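The values are calculated or read from the model by the stated rules, or taken from the named source; none is laboratory data. Keep in mind it's a predicted model, so treat the numbers as computed, not measured. So basically every Cβ, Gly included, is an ideal-geometry build from the backbone, and we count neighbours across all protein chains shown. When the accessible area is computed, the model is the full protein with side chains, heavy atoms only, and any ligands, DNA or RNA have been set aside. Shrake-Rupley method; radii C 1.70, N 1.55, O 1.52, S 1.80 Å.
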Amino acid sequence: FHGIISREQADEILAGVEGAYILRESQRQPGCYTLALRFGNQTLNYRLFYDGKHFVGEKRFESIHDLVTDGLITLYIETKASEYISKMTTNPIYEHIGYATLLREKVSRRLSRTKNESRKASVTSEENTPVEKITSLVRRAALTQNDNHFNYEKAHNFKVHTFRGPHWCEYCANFMWGLIAQGVRCSDCGLNVHKQCSKYVPNDCQPDLKRIKRVYCCDLTTLVKAHNTQRPMVVDSCIREIEARGLKSEGLYRVSGFTEHIEDVKMAFDRDGDKADISASIYPDINIITGALKLYFRDLPIPVITYDTYSKFIEAAKISNPDERLEAIHEVLMLLPAAHYETLRYLMIHLKKVTLHEKENFMNAENLGIVFGPTLMRPPEDSTLATLNDMRYQKLIVQILIENEDVLF
């Protein structure tokens with residue numbers, strides 16, 4: 001650290017020493033610090049920040065020395081291979097990955113076995129060895145060939161990642177350079193790519209069950225693709241149980257079950273998935289099951305009626321003409337992601353069945369709209385005032401969906 005010195009002084013100190021660096025305090029902005037780095041026979045100046053770690057861009061380093069090391073690597077690559085880098089994404093291997101047909105068939109058979117309980121869970125060592133060695137690209141390619149897999153589109157959940165040892169991008173097949181944060185990794189399927197390549201990867205994420213740690217609070221599309229189901233298994237299991245023994249229960253969905261028992265059901269699904277036992281012998285009170293279903297919808301990071309479509313639904317609900325309103329709601333429904341649409345469709349069919357037993361359970365479409373309005377849809381901004389102002393429209397949307405489920409879906 002050289003204190004408050006000018007750019008010219010820094011340039012004199014570093015002259016002729018390629019890769020050398022110093023830190024200085026800005027003359028024009030006291031309290032602000034600059035990294036002066038010699039590269040390509042010129043002195044480069046970068047504003048330096050610190051938040052517990054040193055950083056110049058989005059990468060954070062324990063020491064200035066590591067920051068400079070990574071910077072020199074990046075500068076060298078970008079200088080010597082700029083033309084190459086600009087062409088990296090023009091001929092990606094992602095769409096044209098080569099792999100043996102036999103290996104693809106083995107992967108498909110393995111995937112089919114996981115969905116077929118009648119088959120033996122174990123496989124012979126002859127089959128298992130090559131299958132376990134396949135890359136994530138081959139796995140995804142095989143999944144697209146699997147007719148049993150529900151073809152919901154899902155974007156990759158990329159996060160900046162530091163790779164230990166040499167790594168190559170699975171989109172363009174080029175080396176991922178740098179000391180840390182060399183690229184991004186999809187948290188749901190494990191795809192590793194350059195940050196610039198991530199912009200070109202199609203929305204074909206196939207989540208890996210090993211990476212999905214829970215059922216509740218998990219993105220809806222991620223969950224159904226990971227479990228290869230049409231809808232979240234929580235929805236199917238709870239609705240199946242409710243229709244089997246609770247449709248005539250007074251105040252169904254309005255009456256709350258014991259919170260600790262609802263949390264038990266949540267833990268059972270998180271732990272056991274579709275094997276969770278929610279039968280009457282374990283939970284005799286049907287309100288515990290309805291409570292667990294409502295909790296699942298409330299815990300979704302993106303509601304069933306998504307943030308992107310929320311305002312469009314509210315505007316549709318404000319239309320006074322019933323026919324025009326119904327048409328507007330139908331148009332917005334078409335904007336929902338496929339997994340969200342299917343889950344909403346299935347739930348509305350179920351709630352329509354609930355209203356058919358109104359004489360016993362005292363729950364009509366309007367009552368269910370009051371319960372499910374704020375459960376299925378939330379405003380994008382966390383505003384109490386906006387929520388209060390929209391509550392009657394939330395209720396109306398769900399009421400209309402229930403009453404017209406045969407037309408809207």
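Conditions tested, residue by residue: (1) part of a helix (DSSP H, G or I); (2) in contact (Cβ under 8 Å) with a residue 12 or more places away in the chain; (3) in contact with a helix residue (DSSP H, G or I) (Cβ under 8 Å, 6 or more places away or on another chain); (4) over 30 Å from residue 170 (Cβ atoms).
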| position | (1), (2), (3), (4) |
| --- | --- |
| 198 | yes, yes, no, no |
| 242 | yes, yes, yes, yes |
| 252 | no, yes, yes, yes |
| 266 | yes, yes, yes, yes |
| 278 | no, yes, yes, yes |
| 288 | yes, yes, yes, yes |
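Per the listing 336, 351, the residue uniquely in contact with a Ser or Thr (Cβ under 8 Å, 6 or more places away or on another chain), surrounded by 19 or more Cβ atoms within 10 Å (Cβ to Cβ) and not aromatic (Phe, Trp, Tyr) is 336. None of 281, 249 is farther than 12 Å from residue 234 by Cβ and surrounded by fewer than 19 Cβ atoms within 10 Å (Cβ to Cβ) except 281. Restricting attention to region 57-73, the residues that are aliphatic (A, V, I, L, M) and either assigned to a loop (DSSP other than H, G, I, E, B) or open to solvent by 30 Å² or more (accessible area, probe 1.4 Å) (or both) total 2. Candidates are the residues of region 1-56 that are among the basic types (Lys, Arg) and crowded, with 17+ Cβ neighbours inside 10 Å; the one that is nearest to residue 68 (Cα to Cα) is 38.
Okay, residues lined up against (1) among the acidic types (Asp, Glu); (2) surrounded by fewer than 21 Cβ atoms within 10 Å (Cβ to Cβ); (3) in contact with a Pro (Cβ under 6 Å, 6 or more places away or on another chain); (4) at pLDDT below 95:
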{"site": "159", "(1), (2), (3), (4)": "no, yes, no, yes"}
{"site": "169", "(1), (2), (3), (4)": "no, no, no, yes"}
{"site": "181", "(1), (2), (3), (4)": "no, yes, no, yes"}
{"site": "204", "(1), (2), (3), (4)": "yes, yes, no, yes"}
{"site": "211", "(1), (2), (3), (4)": "no, yes, no, yes"}
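Yes/no per residue for (1) assigned by the TED database to the domain that holds residue 301; (2) within 22 Å of residue 242 (Cα to Cα); (3) open to solvent by less than 50 Å² (accessible area, probe 1.4 Å); (4) of a type in the set (Gly, Ala, Ser):
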| residue | (1), (2), (3), (4) |
| --- | --- |
| 327 | yes, no, no, no |
| 330 | yes, no, no, no |
| 363 | yes, yes, yes, no |
| 368 | yes, yes, yes, no |
| 388 | yes, no, no, no |
| 403 | yes, yes, no, no |
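Evaluate the following for residue 222: is it crowded, with 18+ Cβ neighbours inside 10 Å and out of contact with any helix residue (DSSP H, G or I) (no Cβ under 8 Å at 6 or more places or on another chain)? It is true that residue 222 is crowded, with 18+ Cβ neighbours inside 10 Å and out of contact with any helix residue (DSSP H, G or I) (no Cβ under 8 Å at 6 or more places or on another chain). Applying the condition of being more than 28 Å from the chain's Cα centre (by Cα) and of a type in the set (A, V, I, L, M) to region 248-276 and asking which residue is nearest to residue 366 (Cα to Cα) yields 252.
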